[in-house]
C-alpha cells in the first residue's frame with residue numbers, strides 16, 4: 001500500500017495577472033505538480049475561472065481566492081518568495097537561482113506555509129510587491145530573452161519544488177536480458193537473410209558471422225525485444241524467400 005501523498009502548504013500568488021489564459025495555464029501547472037492553493041491579487045475582471053487553458057485543473061480555479069492586496073494574500077505565510085527575470089532595475093533583495101531557491105522553499109514548507117509570488121505578464125512584480133518578500137528567485141534564462149510566459153514560469157518553479165533529485169540517480173527498472181540461445185537464433189536468421197540477399201559471400205562468411213554475432217550482442221536486447229527481432233526476421237525470410245511464387 002502506497003503512503004499518502006504529502007500536500008505541501010504552498011500558496012501560489014499571482015499579482016495583477018491580466019490574461020485569463022495565463023491564469024488557466026498556471027492552474028494547470030499547479031495541478032500537474034500537486035499544488036492547489038492559488039491566490040490572485042487584483043486579477044483583471046474577466047471570467048478567468050472558465051479559462052480553457054486550465055485543462056483538468058478547473059478545481060484549482062474554482063477554489064482560487066482573490067485578494068485586494070499582497071499583504072492580505074500572504075498574511076498566513078512564514079516565508080514569502082518573489083520571482084523575477086532580474087531585468088534592468090536594481091534589486092534590494094537576495095537573489096537566488098531556482099535550483100537553490102527551490103531547495104530552501106521545500107525545507108521551509110516542512111514546517112510552515114510559503115507564498116511564491118509571480119508578477120503581471122507585462123511588468124512583473126512591482127517594487128511594492130517585492131517589499132513583502134524575504135528574497136527573490138529567478139529562472140536562468142538567456143539575457144537576450146529573459147522574461148517567460150506566466151504559466152511557463154509557474155511550471156518551471158513548481159517542477160523544481162516537486163522533483164526529487166535522489167530519484168534521478170536511481171537506475172531505471174530493468175527488464176530481463178535475452179538469453180544467449182535467442183541471441184544466437186537472431187544471429188543465424190540475420191546471416192541467412194543477408195546471405196540469401198547476396199550481402200554475405202562465401203569467402204567472407206566466417207568473418208561476417210563473427211561481426212554479426214558481436215553486433216547483435218552490442219544491442220543489449222532484453223527478452224521481449226529479442227522475441228520481436230526473431231519474429232521480424234522470420235517474417236522477412238518467409239516474405240522474401242519462402243512465400244509461394246517467390
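The values are calculated or read from the model by the stated rules, or taken from the named source; none is laboratory data. In this text the structure is predicted, and so the values were computed from the model without any measurement. Cβ atoms come from the backbone with ideal geometry, glycine included; neighbour counts cover every protein chain shown.
Quick notes
- Sole exception among (1) at pLDDT below 90; (2) within 37 Å of the chain's Cα centre (by Cα) for residue 216, by number: (1)
- Count of residues meeting criterion [surrounded by 14 or more Cβ atoms within 10 Å (Cβ to Cβ) and in a helix (DSSP H, G or I)] in the stretch 212-226: 6
- Taken together, 43, 4 contain a single residue that is farther than 16 Å from residue 159 by Cα, at pLDDT below 90 and touching a strand residue (DSSP E or B) at 6+ places or on another chain (Cβ under 8 Å), which is 43.
- Residue match in the stretch 125-139 (condition: in the same structural domain as residue 78 (by TED's automatic domain parsing), within 30 Å of the chain's Cα centre (by Cα), part of a helix (DSSP H, G or I) and modelled with pLDDT under 90): no
- Residue among 64, 73 that alone is within 18 Å of residue 29 (Cβ to Cβ) and either surrounded by 13 or more Cβ atoms within 10 Å (Cβ to Cβ) or free of Cβ contacts under 8 Å to residues at least 40 places away in the same chain (or both): 64
- Residue 80 over 27 Å from residue 164 (Cα atoms), at pLDDT 95 or above and crowded, with 18+ Cβ neighbours inside 10 Å: no
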